[in-house]
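Colleague: Below you will find the structure I want to go over with you.
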């Protein structure tokens, strides 16, 4: 999975971490919904004062309702293919409550919904009964809009949603700090209704939940990264978020109890933070060093494999040179004696026919036929070796034109035969023109040969697709073959018909198969005895299977 942490940097995210963060986001949604439900239950049964933490403002009923709305919306967003309409409705309701409350604070107009759920008789940090604090209202408006944008798959909308969530988290974090250090202006804006401590904690959790709901994209992408940066972020961010609060809580409790003065408490917190951060930095450095060492070991393994591959390539090059030398020997040294045998056999028959008995003439004819057949075998073997060694170039090939040219050559060679060629127009492929001509020559030549016992024959060349790849076929209505022996068709020197019945060396289909596989394709045959045969081959697009 890929995600953007910045406009120019693409960070791969670990799927396991992404799934874990989404589950955590859904759990946060359930938690804040439960927080809101508990607060509403307290207001319902007149127990709101029991839910009060003793200092600072009390969470208002409308704020508790907004926590339920946004929490449930977050849970729905985290579901795979979740219900967008209910999630959007819940988020929109929370955003409207926040915006309406901000409008009340800004204009001084009472929209008469602050005490719609319950009458508010609390006085601490309350300038208007029942009304949500301005900073709380702003945070819910931001979170509501963020949850509306979150289900969208558009990267820009996701980044805006995460920015809004971070802003809401900051509002909650500032209020938390105000409660922690007893600085009321941080949670009660302009001496108006203040943000309750549970509300501040809930807003921080909600903002984190929105960020974790889409961890593969945007600001939170680094947290889901499987790289060193992701590891460092997962080490440091929890420490930065939690440790200061854990250290400040007992220090401030000591100050309130009169055990410590503020300067001494601040010094203890500073020393504690320094120690924890030093430990985290060392632990992170050890983790990064271990990852770096593992990376260097993988690089050394790759270097060893590359060296081995280079050695094998040199050996293969040497083998290929030996093969080329062998082919040269075959093409010259072996064919020369065969030409002598054939030539002297012909001279013997021409010059000594009068003294040779008929049996002798027959024997000399067999010798000449065998030498000629051996010459054809050598030629076919040379062709088979060339198709695997010749440099291959890919370019557009007009298969229809190639097939028509080969069909015309076959028809000119035996004008007495009645063969109908049906070649589909517009067949095109990407490949080596010379090698693909050899494939079609072998397939069409076979079709022409194995229909030779028909008074009139029909050969079809067409195109199709196989597993999404372009494919081409050559179909005839000739002798066909038994499918039980289809596996032998493409082996060198494998023949399913006798030489007396149909000529050939059994090399053509083997050559065709090697050429097709060099192009990254496959070739196969289907047929039935005396019902013809169909040979089909695939040719992948450019860049696939090039050999």
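The values are calculated or read from the model by the stated rules, or taken from the named source; none is laboratory data. Just so it is clear, the model here is predicted, and its values are computed rather than measured. Reconstructed Cβ throughout: ideal geometry from the backbone, glycine too, with neighbour counts over all protein chains shown.
Colleague: Of the conditions (1) under 18 Å from residue 62 (Cα atoms); (2) within 33 Å of the chain's Cα centre (by Cα); (3) in contact (Cβ under 8 Å) with a residue 60 or more places away in the chain; (4) surrounded by fewer than 23 Cβ atoms within 10 Å (Cβ to Cβ), residue 145 satisfies every one except a single condition; which number is it?
Modeller: (3)
Colleague: For the stretch 420-435, which residues satisfy the criterion of being crowded, with 17+ Cβ neighbours inside 10 Å, modelled with pLDDT under 90 and not in a strand (DSSP E or B)?
Modeller: Residues satisfying the conditions are 432, 435.
Colleague: Then there is this: Do we find a residue being without any contact (Cβ under 8 Å) to a residue 40 or more places away in the chain and in contact with a helix residue (DSSP H, G or I) (Cβ under 8 Å, 6 or more places away or on another chain) anywhere in the stretch 456-473?
Modeller: No.
Colleague: Have a look at 355, 349, 364, 359 and point out the one that is assigned to a helix (DSSP H, G or I) and loosely packed, with under 10 Cβ neighbours inside 10 Å.
Modeller: 359
Colleague: Condition test on residue 130, is it buried (at least 16 other Cβ atoms within 10 Å of the Cβ) and part of a loop (DSSP other than H, G, I, E, B)?
Modeller: Yes.
Colleague: Right, something else. Can you find a residue in the stretch 299-321 that is part of a helix (DSSP H, G or I) and touching a helix residue (DSSP H, G or I) at 6+ places or on another chain (Cβ under 7 Å)? Steps first, please.
Modeller: So the first thing to find is which residues in the stretch 299-321 are part of a helix (DSSP H, G or I), and the list is 299-321.
Filter once more, so that each one left must be touching a helix residue (DSSP H, G or I) at 6+ places or on another chain (Cβ under 7 Å): 320.
Yes, because at least one residue in the stretch 299-321 is part of a helix (DSSP H, G or I) and touching a helix residue (DSSP H, G or I) at 6+ places or on another chain (Cβ under 7 Å).
Colleague: Looking at this structure, is residue 156 surrounded by fewer than 22 Cβ atoms within 10 Å (Cβ to Cβ), assigned to a helix (DSSP H, G or I) and without any contact (Cβ under 8 Å) to a residue 12 or more places away in the chain?
Modeller: It is true that residue 156 is surrounded by fewer than 22 Cβ atoms within 10 Å (Cβ to Cβ), assigned to a helix (DSSP H, G or I) and without any contact (Cβ under 8 Å) to a residue 12 or more places away in the chain.
Colleague: One residue is enough: does the stretch 7-19 have a residue meeting the conditions touching a helix residue (DSSP H, G or I) at 6+ places or on another chain (Cβ under 8 Å) and modelled with pLDDT of 85 or more?
Modeller: Pass one, the stretch 7-19, residues touching a helix residue (DSSP H, G or I) at 6+ places or on another chain (Cβ under 8 Å): 11, 13-14, 17-18.
Imposing the further condition that a residue be modelled with pLDDT of 85 or more reduces the set to none.
Scanning the stretch 7-19, I find no residue that is touching a helix residue (DSSP H, G or I) at 6+ places or on another chain (Cβ under 8 Å) and modelled with pLDDT of 85 or more, so the answer is no.
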